[in-house]
Structures are given as structure tokens and as C-alpha cells.
Amino acid sequence: MNSPAITTVMKMMETLPPNIQEQIVDHLQEYLADLNDEQKWQASFARTESSLIAAAKKAKQEIAAGQAQPMDYDQL
């Protein structure tokens, strides 16, 4: 599956020395891994967004009703 964009990148890389090509591949692998991680986070957030909103609303209501207590971080 060679898209025009992939073909263009390959042609550009072919003109470079092998050590530079390797550096580019390393950078692309890191970049693609970051994009993959970002997609996973977005999907995870999308699955839990409604429950996060509900929890935030409940917390606001408890604060407004005086039922909330400050967190004791030493007990976590």
C-alpha cells in the first residue's frame, strides 16, 4: 500500500546517505509511536467521558452542599 505521500518520502530518503536514512527511520518510529499513544488516549477518554462528567458534576454538587472535605494527601 504505497500512497503518493509514502512514495514521495521514499524518493526523498533514497537521495540521502544510509546513516541519515536510519536517523529518519528512528525519528519516524518514535513519531508514529507517539501518534499511536495519542490515539489510544483519545479513545480511552471518549469511552469514559460521560462518567468523568458525571463525577465532576457530583463533586461540584457536594462542594456546593458543604459535603466535601479537603483531600489528605498523606493518607493516599
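For this structure, a couple of remarks:
- Proximal charge balance of Leu52 [Cβ under 14 Å; K/R count +1, D/E count -1]: +3
- Magnitude of the charge dipole, the chain, Cβ model with Lys/Arg +1 and Asp/Glu -1, debye to 20: 500 debye
- Cut-off 14 Å between beta-carbons: net charge of the residues surrounding Leu28, Lys and Arg +1, Asp and Glu -1: -4
- Calculated FRET efficiency, Gln75 to Ala33, Cβ-Cβ distance, R0 = 35 Å: about 0.40 to the nearest 0.05.
No lab work stands behind these numbers, since they all come straight from the coordinates. Just so we're clear, the structure is a prediction, and the values are computed from it rather than from any experiment. When we count neighbours, we look across all protein chains shown, and the Cβ atoms used for this are built from the backbone with ideal geometry, even at glycine.
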